[in-house]
């Protein structure tokens, strides 16, 4: 039986295509859309417009965008506020077309994630802002252990240590590895 859209897209590792800004991780919308189109050439998206044909909606105080992504006749819709660089809503009279465009691209990426691609990035987004690590020393301990195991190409140890981490910790520590170390970690999971 063929894999569902979700099963197919959810298996793709997006970590190398993310960027950390503050305490949030962003997936490149262009890369995400390219991956979708490679697997599903007929996929399409829609930027919803309000009754005045603007590409954003407003309550008179702030604004939000609405996008939909359709893959194999399955549509997922996402609404996202128009935010500033601090992820705070921008007052309506201060919103620029650049702010709206940025919100549209982020909204599209989240709608794509509802189909499976990079969904794990948003895991916990609706939870309280809890620390990723109990303290910096714990992260440092794991990082040192990983580097020792990587240096010895100890694949079994790498896998076991990786399983001890939460998804958030995995995403956070991943950014501390150089490209060669990332290759060894990936090899550990293919052997």
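Tabulated values for the structure
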item	result
Whichever residue in region 34-47 is surrounded by 11 or more Cβ atoms within 10 Å (Cβ to Cβ) and free of Cβ contacts under 8 Å to residues at least 24 places away in the same chain and, among such residues, is nearest to residue 181 (Cα to Cα)	34
Selection from region 88-121 of residues that are in a loop (DSSP other than H, G, I, E, B) and within 20 Å of residue 34 (Cβ to Cβ)	115, 116, 117, 118
Residue check for residue 1: more than 14 Å from the chain's Cα centre (by Cα), assigned to a strand (DSSP E or B) and surrounded by fewer than 17 Cβ atoms within 10 Å (Cβ to Cβ)	no
Pair list, Cβ < 6 Å and 6+ apart or interchain, from region 91-112 residues that are within 13 Å of residue 65 (Cα to Cα) and in the same structural domain as residue 32 (by TED's automatic domain parsing) to residues that are in a helix (DSSP H, G or I) and modelled with pLDDT of 95 or more	109/32
The lone exception for residue 31 - which of (1) surrounded by 15 or more Cβ atoms within 10 Å (Cβ to Cβ); (2) out of contact with any helix residue (DSSP H, G or I) (no Cβ under 6 Å at 6 or more places or on another chain); (3) free of Cβ contacts under 8 Å to residues at least 24 places away in the same chain it fails	(2)
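The values are calculated or read from the model by the stated rules, or taken from the named source; none is laboratory data. Note that this is a predicted model, so its numbers are computed, not measured. Positions of Cβ are generated from backbone atoms using ideal geometry, with glycine treated the same way; all protein chains shown enter the neighbour counts.
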